[in-house]
Each structure stands twice: as structure tokens, then as C-alpha cells.
Amino acid sequence: MGAAVRGLEARGLMGPRVRILDREAPLGYLLLVPLLLLLGLFLAYPFLFGIWLSVTNAQIGDNGHFVGAANYQYERSDTVFIQSFANTITYTAVTTVFKLGLGLLMALLLNQVFPAQRFVRAALLLPWIIPSVLSTLAWRWMFDPTFSVVNWVALHYLHLPSVNWLGTTSTALVSLMIVNTWRGIPFYGISFLAGLQTIPTELYEAARVDGATRFQQFRQITLPMLRPILVVVLLLSTILTFGDFTLPYVLTNCAPYNSTCVLSTWAFQIGVNGGYIGIGAAISLVLFPLLSIIVAGVLIGLRSRD
Amino acid sequence: MASVSYENVTKRYSGDTLAVDNLSLEVKDTEFMVLVGPSGCGKSTALRMLAGLEDITEGQIKIGDKVVNDMPPRDRDIAMVFQSYALYPHMSVYDNMAFGLKMRGTPRADIERRVNTAADVLELGPLLKRKPRQLSGGQRQRVALGRAIVREPQVFLLDEPLSNLDAKLRVQTRIELQKQHRALHATFIYVTHDQVEAMTMGDRIAVMRDGVLQQVAPPREIYGNPANMYVAGFIGSPTMNFIPVTVQGKTAKASGFELELPHAPGVEKGTLGIRPEALTEAPVAGHAGLDLKVEVVEILGSDQFLYGTVGGDSITARVDPHLKVQPGDRVRLGVDTRRLHLFDSATEKAVL
Ligand SMILES: Nc1ncnc2c1ncn2[C@@H]1O[C@H](COP(=O)(O)OP(=O)(O)OP(=O)(O)O)[C@@H](O)[C@H]1O
Ligand SMILES: [Mg+2]
């Protein structure tokens, strides 16, 4: 605060209003209000309404009434639900590992100097830019038992037998994970690339003079410097993959024999197709506590290291 | 222990930038060599080639008697202090200093002993657990130095290590560095654009300009016998007075005065170089002198600088601070002819 203002204040010429605006904390909260209102309107209301639905026997066209934990009880004995739960965990865990590994590899390669660098960088973003519905439909053709280009290549060049990718329970979920990994790599890759580019080159020079090998530079400089981005990307991607709907819905929609159901597609089938909105809401809310724990764990971990 | 030699070393960056042009320089074992020159003259490039961070386009560099052109930095037994310090931000001070030793598989107990010794010397003991961002600029600088010292290398490379420090700290650290140099018995190659650092620290100074080495000599000689006009103008503050003269035999004639040179330089046109302190307020009758028309007077306590003109030439003189002078005065100054320099107009080389 300027000396002049302090002088006025001392003589009691400035109102209390001005002083409140000058203090950081109250002003900060005041400025937060619009954002909180928006968040409340667009996030909290649907979320709370969803929770409410999950404890009612609402159906489409019927508001229903409170039934306590009955929907959750029902799910416990639903074998498709249990299968979906397991699939969701597998789907997320496996694809996350591959997206992380391959994304990091992609970033490291893109960070090298090579011809047509910009073009290649842009091109590699494509899987992420194309609307999922479109690209997933394309993949459906590639996995088609008769027209599959994958099978054609396997048959003609590698002399492997044809695979009915989406038609058999043993390969359908794998196909789903392949497409998800393909679609997810660019997000990891580009985020990591951005992270890599913020690491000052002098650090690598210092490490080289200090005697670090390429691998040691990666372990000792690149990875730790990338950690904050890594954590955030991992967090976002985990949440999005847990809730992924478009891809499983378009590629298999639970087929064959509900073997590729994930929680989102199963919740949709029960809640919208079947009309049991209450149960559908309960299914989709199951992951909420699990996700919250993961998020809290990651955020606390991120803070404590600093 | 090791000497360093550059043998006809040239560095060309892509896009035809000639950063270092045919550099030949011998740095003796345990010598403190300063590379000095203005921004962009190629000093960092020269240092980075020695460190192995840049390829050498032509020529060769030797450390001891080994050619290191194709040797990776880690095998060169050198340590480097960067201008930005390049401390590893995610590591504690201790880990920063231990890093080089860890990478070389030094036993843990050894590492601890060496880091602690260096930390004691540099007064970093209480800071060992901190991260670099929790340190002041001066402390960071000491960590960067410590990281180099614990490695006990044969050659220390320092690229403008003091330029991020404030004036007072710079003087302290300068002295500290000289102490370390004596204690470590290692070869130091120090890059700076600051002539004061160069003069105060170097056993010898190498002055560079546009990638070309101008002169290598001990500070006294660089100051007293600059090889050319560039070196003469670069070293010394305020800079040497340069006055165009015509020469006939031993007589040099400027626009506002003339004087007798100690001997005939053998050129007809030249530039006379007079350091400000070679002008004295007590002219001796019969010796050379000139009349300065004073325009600006600067009193710095221990010194007094007079800025003015003689004929058509601007001249700076350093005189006794007790001499009472006003702008507008005319002052008769004596010239110490033993400390005159004369440079050939065409080649700018010293001819006297
Ligand atoms: N990586 C590079 N690619 C192309 N040109 C470069 C590169 N690095 C340096 N140069 C050029 O080489 C010349 C010498 O650069 P250098 O960094 O050695 O100068 P310097 O004497 O250290 O200057 P400063 O005091 O500013 O650090 C400059 O003209 C610079 O523009
Ligand atoms: Mg430099």
C-alpha cells in the first residue's frame, strides 16, 4: 500500500471497504465466487442428482422414490456387473501402462532433431484429434473377420491364421485395449514432449561432464524432471479411461456375451436401454470412491515431495 | 596434473558462423588462464570444445598429451562451472555435489568424505539438505563450484561463473576462486567478458575477438605492452586515449600537440595510445606536454578523471584528486613518453 494511502487511513479518511479489498484473503474469496457458482451449477448439480438417482428406484418416465442401498445390493449379485467391474480395472490398468511407456518413447524420439520435425509431430497427434467415433469405426473395419486388414497382413505376409478379433471373448477385450492405447498415446507423447522441452539443456551438459551415461541422464535428470507432468497426465488419463464410454460402446458395446462390458457401457445398457435409471446411476457411481482415493493419493504425494 | 593445448582449432557452426578461428593456445599445468573478450567472440565455444560439449571442426585439442577430439566428456577428467550454474533442481545440495562421484561408482564413504570436505571449505555445511531453489545466488554459485571441486579433476572450466552475482559478492568470490586455485593445484580455464576479472585472476590472459586470438600474456604485459589497438582498448578503464598522428622520424604530430617518441617507429601514419594515467598534472619543463581543455571532471575519491579535448582529439586524463579543476579550465599536462604506444594505422599492430 502506498504511503499516501497509509496516511489517509491514519487520519480515518478511508472507509473500511477499501481496506477489505486491500487484504489478500477476503478479496481472494470474493473473486472465487463466480467460479464457484458456475462449478456448482454445472458440476455439483448433475453429480448430486446422480447420487440421488442411485438411491431411488427411478425409471425412465418415473421419478421413483427412495430405496436406500437397494440398487447397490442388487449389483452385488449381478454377474455382468462383476464382469464389467473387472473389465474396467483391466482396461484402465493395462492401457495406462502401455500408453505411459509408448508415450514416453514417442516423446523421447520426437525430442530429437530430425527432418520434417514439425510435420511428424503434428501427424502423430492425429489419433487424438480425430473424433473417437470415427476412428473407432475405422478400427471396427480393421478388426472385421472378413475385411480385416490386420488379418490380411497376418495371412499374406506372416502366414498366421485369421483371427475374429471382436467376435471371440479371448480377443475382444484385447482389441478394445489396443484401440484405446492407439488413441491415448499422442496425449501422453505430446504432454511429455512439452515437459522434456522445459528441461534446460545445461542440465544434460552438466550431467555429461559429471560422467553420466545416456541411460543415467534419463534416470537421474529426465525422469525426475518429468515427474510433475507424469503424475498429472497419469491422473487425468486414469480418470478418463475409467469413465471411457465412446470407444467400448462403438467398438463392441459389450459383445460378445457381455465379455467386453465396462462399467460405463453396462450402466448405459441398464439405465438407458433398459430404462432402470436408478440402477444405472448406482453402477456408474461405484468407481467414484475408488477414483477419489487415487486422486487424493496422487495429489498428496505430489505435494509432500515438494 | 595436466596441461591443455589447442592446436589450430576451428569451430564452424552450421550456417557458416565461424565461432573460433584457428586458435592455438598452450595452457600450462596448474596455470590460471583467462579467456576474455566481448560477447560473441567465441570464448564459450572454445571452452565447450575442451569440455567435449561441442564437436571440433578442425584442429585438435590435447589434455596432457592425449588428443581428446573424440573422447566423451566423461573420460576427459574435467569439471565445469556453468554461467547459469546448471544445478540439478530436483536434488539436494549434497546430491548435486555427489552426483559426479556417484556416476563414476565412487564408494559411498568416499563420496561422503569428499562432499563434506568441500562443503566445509565453501561453508555449505548447513545447506546440504536444501534444494537449489532455496539458495541465494551466491550460495548456488558455491554449490556449482563445490560440485566441480569434489570431483578432483585435472582441469577446471569456468564459464562466466560470477556474472550472476552482485558487485560485492563478485569480489569476494573472485578472491575465493583464487584461493581454491592455489589449494587445488589444478589447471583453471576461466571465461569472462570482464577485464577486471581477467586482470585480477589470470596468471595469463588470452584476449579474443571475433573468434580470433589477439594476444596471450600475463596481465602486466597485456596492460603494458598490448599487441594491437584492440587489446589496448579492451583492457584498462577508462580506456586508452587513441590519437591519430603523423610521424616524421621520431616526431609524432597530432592535431593539438606534438611530441618526441623514444625511437623512430618506421611508419608515417599511426595512432598514438596514451593511458589516462600516463598523463600527469606535473609537467616537467623540456619534456612533452599538452594543453587539455577540460569539459567534464569526475572525482572518485582516490582518483580524479578529466575529460576534455586537445586540438580535435578527445582525451581522458587521470590526475591527483587534490588538483582543483573546473570544467572550462585549460590544464597543462605532462606526458610520460616511456609509456607511449603507437599503432600502425593500417594493421592496428603495435609498432612502439
Ligand atoms: N549452437 C550454435 N549455433 C550456431 N551459432 C552459434 C551457436 N553457439 C554459438 N554460436 C555463435 O558462435 C559465436 C560465438 O559464440 P560464443 O557462445 O562462443 O560466444 P561468447 O564469447 O561465449 O559470448 P558471451 O560472452 O555472450 O557468452 C557467436 O557468434 C554465436 O552466435
Ligand atoms: Mg559465453
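What are the residues in the stretch B:1-16 that are surrounded by fewer than 20 Cβ atoms within 10 Å (Cβ to Cβ) and within 16 Å of ligand 2 (Cβ to nearest atom), if any? Please lay out each step first, then the result.
Of the stretch B:1-16, the ones surrounded by fewer than 20 Cβ atoms within 10 Å (Cβ to Cβ) are B:1, B:3, B:5, B:7-8, B:10, B:12-16.
Of everything in the stretch B:1-16, just one residue is surrounded by fewer than 20 Cβ atoms within 10 Å (Cβ to Cβ) and within 16 Å of ligand 2 (Cβ to nearest atom), namely B:Y13.
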request  = Go over the candidates B:Q60, B:Q83 one by one and state the one that is farther than 29 Å from B:G125 by Cα, of a type outside the set (S, T, Y), open to solvent by 40 Å² or more (accessible area, probe 1.4 Å) and touching a residue at least 40 places away in the same chain (Cβ under 8 Å).
outcome  = B:Q60
task = Find the residue count for the stretch B:201-236, including only residues that are more than 16 Å from ligand 2 (Cβ to nearest atom), open to solvent by 40 Å² or more (accessible area, probe 1.4 Å) and touching a helix residue (DSSP H, G or I) at 6+ places or on another chain (Cβ under 6 Å).
result = 1
ask   = In this structure, does B:G64 turn out to be more than 9 Å from ligand 1 (Cβ to nearest atom) and small (G, A, S)?
value = yes
request  = Could you list all residues from the stretch A:254-278 that are in a loop (DSSP other than H, G, I, E, B) and surrounded by fewer than 24 Cβ atoms within 10 Å (Cβ to Cβ)?
outcome  = A:C254, A:A255, A:P256, A:Y257, A:N258, A:S259, A:G274, A:G275, A:Y276
task = All but one of (1) open to solvent by 20 Å² or more (accessible area, probe 1.4 Å); (2) away from chain A (no Cβ under 13 Å) hold for B:Q134, so report the exception by its number.
result = (2)
note = Filter the stretch B:108-131 for residues that are open to solvent by 80 Å² or more (accessible area, probe 1.4 Å) and part of a loop (DSSP other than H, G, I, E, B); the one that is farthest from ligand 2 (Cβ to nearest atom) is B:K129
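Regarding B:I149, is this residue away from every other protein chain (no Cβ under 11 Å), more than 17 Å from A:A207 (Cβ to Cβ) and surrounded by 18 or more Cβ atoms within 10 Å (Cβ to Cβ)?
Details: away from every other protein chain (no Cβ under 11 Å): yes; more than 17 Å from A:A207 (Cβ to Cβ): yes; surrounded by 18 or more Cβ atoms within 10 Å (Cβ to Cβ): yes.
Criteria met by B:I149.
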remark   = So the strands (runs of 3 or more DSSP E) completely within the stretch B:152-232 holding 2 or more residues that are within 14 Å of chain A (Cβ to nearest Cβ) and within 15 Å of ligand 1 (Cβ to nearest atom) are B:155-159
ask   = Are any of the residues in the stretch B:17-38 within 14 Å of chain A (Cβ to nearest Cβ) and either surrounded by 22 or more Cβ atoms within 10 Å (Cβ to Cβ) or touching a residue at least 12 places away in the same chain (Cβ under 8 Å) (or both)?
value = no
task = Considering every residue within the stretch B:156-167, establish whether at least one is of a type outside the set (G, A, S), without any contact (Cβ under 8 Å) to a residue 40 or more places away in the chain and open to solvent by less than 50 Å² (accessible area, probe 1.4 Å).
result = yes
task = Those residues that are within 16 Å of ligand 2 (Cβ to nearest atom) and either within 14 Å of chain A (Cβ to nearest Cβ) or acidic (D, E) (or both), I need them from the stretch B:41-62; list them, please.
result = B:S44, B:T45, B:L47, B:R48, B:M49, B:L50, B:A51, B:L53, B:E54
inquiry  = With touching a residue at least 60 places away in the same chain (Cβ under 8 Å) and of a type in the set (V, I, T) as the only criterion, which of A:T168, A:T198 stands out?
reply    = A:T168
Residue satisfying all of: in the stretch B:39-56; crowded, with 22+ Cβ neighbours inside 10 Å and part of a loop (DSSP other than H, G, I, E, B); farthest from ligand 1 (Cβ to nearest atom) among these = B:G52
request  = Taking A:Y204 as the residue in question, decide whether it is of a type in the set (S, T, Y) and under 30 Å from A:D144 (Cα atoms).
outcome  = no
ask   = From the residues in the stretch B:63-77 that are out of contact with any helix residue (DSSP H, G or I) (no Cβ under 6 Å at 6 or more places or on another chain) and within 11 Å of chain A (Cβ to nearest Cβ), which one is surrounded by the most Cβ atoms within 10 Å (Cβ to Cβ)?
value = B:R76
key: One residue from A:G278, A:G301, A:G274 being farther than 26 Å from A:G167 by Cβ and either at pLDDT below 90 or touching a Lys or Arg at 6+ places or on another chain (Cβ under 8 Å) (or both)   = A:G301
task = Count, please, the residues in the stretch A:50-83 that happen to be surrounded by 12 or more Cβ atoms within 10 Å (Cβ to Cβ) and in a helix (DSSP H, G or I).
result = 14
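The values are calculated or read from the model by the stated rules, or taken from the named source; none is laboratory data. A quick note: this is a predicted structure, and the numbers were derived from the prediction, not measured. Quick reminder, even Gly has a Cβ in these numbers, built from the backbone with ideal geometry, and neighbours come from all protein chains shown. Protein only, heavy atoms only, side chains kept; ligands, DNA and RNA dropped before computing areas. Shrake-Rupley method; radii C 1.70, N 1.55, O 1.52, S 1.80 Å.
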